[in-house]
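Presented below is the structure to which this report refers.
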């Protein structure tokens with residue numbers, strides 16, 4: 001994990017927020033390459049939900065919902081964690097995590113005494129712990145310009161509730177009947193204690209959530225469908241299958257509304273952890289909001305049959321997905337004589353930059369021809385022009401941000417309009433006509449790909 005964090009900061013993918021003021025715990029900013037990577041992950045998710053299917057529609061609901069939303073959903077009363085404070089070192093711990101650490105210290109390496117890091121909280125006289133107290137995880141604010149006044153509201157802790165509130169409206173204008181889904185990508189906020197594992201869990205995070213509404217008697221069938229579909233999505237985008245698993249929740253793990261839940265888990269550097277959850281939420285949410293609002297939320301068939309749909313929910317975090325793709329792609333290759341090449345072997349669809357254009361020298365018309373090549377390619381894919389430093393250093397820069405192909409313009413290019421095309425993974429180089437580059441690279445970008453790490 002330390003190497004991934006260092007690479008992300010060195011190349012400007014992801015770095016601590018508010019760093020000039022010392023930062024703020026568990027918040028991160030995405031730089032240029034990080035934004036491109038994150039956008040590619042989200043685009044791939046939208047493609048899987050919308051472009052490749054005809055039974056899912058899109059939504060973008062508000063971050064601030066009517067406060068009764070969270071009463072009906074149960075978040076206001078039940079969305080809490082028991083927390084323990086140390087009066088001496090001022091650190092705060094989740095009581096359940098502290099209990100796990102006492103049973104197995106290696107399971108929670110971040111939970112340690114602030115005065116003596118080799119000890120658990122409460123194991124030394126330096127630690128004076130409070131009794132566990134319930135702490136609501138929602139960020140609270142108020143609507144209105146007057147301090148201390150206005151209506152009490154909350155930043156949403158999940159995007160799902162906005163979908164449930166809009167179900168009846170969407171049902172009308174999309175002219176669909178279950179089974180169909182409503183998909184959404186957006187920010188959520190949870191004021192929770194986080195273990196500090198980079199972007200694995202943060203105070204504000206982006207979710208890719210879809211609520212799939214089905215007739216009650218079809219819920220089990222669609223639950224199995226979405227478990228498999230979501231697992232395969234990660235494999236298709238390059239995650240090694242032997243670093244992924246589907247784990248069904250035990251009965252004591254299930255949320256009160258869920259009859260079945262499974263996690264797509266990935267073998268992160270911190271161990272096996274949840275990458276995405278797929279839940280059979282039943283009809284709990286729609287019935288809760290119908291009761292809270294006093295408005296019926298149901299489907300009426302042409303024969304007059306009425307029912308409240310059941311909901312299958314695949315829910316993934318954008319940041320956690322980005323971290324999994326980074327962790328799986330990170331590689332160090334020994335080229336001999338102590339030369340270690342650091343490379344991100346990202347699926348080309350996810351790579352922030354698809355092709356880098358590199359003039360060998362900054363003279364003799366090479367930069368001008370390189371600019372022409374970039375203009376030819378940039379309408380098809382994300383490109384980058386780089387003329388600074390030796391060609392070897394420029395290759396290494398592109399390897400570290402995951403660029404799958406580099407195009408080098410040299411003296412021969414000026415004579416016969418061919419360029420050297422370098423492949424990130426194999427390091428193979430081939431001579432290609434400039435006029436053929438666009439079709440060739442577009443075909444490779446759209447074609448099948450598998451990580452060399454999987455083959456190894």
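Here, each number is a calculation from the coordinates, and none is a lab measurement. All values derive from a computational prediction rather than experimental measurement. All Cβ positions, even for glycine, are placed from backbone atoms using ideal geometry, and neighbour counts span all protein chains on display.
Which value, in nm² and rounded to one decimal, describes the direction-averaged projected area of the C-alpha convex hull of region 353-455?
So the mean shadow area of the Cα hull is 6.3 nm².
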May I ask you to derive the FRET efficiency for residue 259 and residue 390 from their Cβ-Cβ distance with R0 = 56 Å, giving the value to the nearest 0.05? 0.40
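Please find the FRET efficiency linking residue 331 to residue 170, where r is the Cβ-Cβ separation and R0 is fixed at 41 Å, and quote it to the nearest 0.05.
0.40
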The helix 32-46 Cα axis meets the longest alpha-carbon principal axis of the chain at an angle in degrees, between 0 and 90 and rounded to 10, of 60
Under a crude label model (7 Å from the Cα following the beta-carbon direction), how far is residue 228 from residue 19 in nanometres? 4.5
Hey, got the Cα dimensions of region 1-48 along the principal axes, in Å, largest first? 39, 20, 18
One quarter of the convex hull surface, Cα atoms only: what value does that give for region 316-389 in nm²? 7.1
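P(r) tail for the chain, what percent of Cα pairs lie past 35 Å? Display every interim value, and only then the final one.
Values: 43946 of 103740 pairs.
Result: 42 percent of Cα pairs exceed 35 Å.
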Could you give the length gained by full extension between residue 274 and residue 119, i.e. 0.36 nm per residue of separation minus their alpha carbon distance, to one decimal place? 53.0 nm
Based on other C-beta atoms within 10 Å, arrange 434, 20, 270, 64 from fewest to most. 20, 64, 270, 434
Can you give me the relative contact order of the chain as a percent, contacts being Cα pairs under 8 Å and 6 or more apart? 13
Theoretical FRET efficiency, 1/(1+(r/R0)^6), r = Cβ-Cβ of residue 3 and residue 99, R0 30 Å, to 0.05: 0.40
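Express in nm, to one decimal, how much length is gained between residue 29 and residue 236 on full extension, taking 0.36 nm for each residue of separation and deducting their alpha carbon distance.
Result for the pair: 71.8 nm of gain on full extension.
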All alpha-carbon distances of region 25-68, grouped into 5 Å bins from 0, give the whole-percent distribution 5, 16, 14, 15, 19, 17, 11, 3, 0
If packing is taken as the mean number of other Cβ atoms within 10 Å per residue, what is the order of 405-411, 46-52, 257-263, 355-361, highest first? 355-361, 405-411, 257-263, 46-52
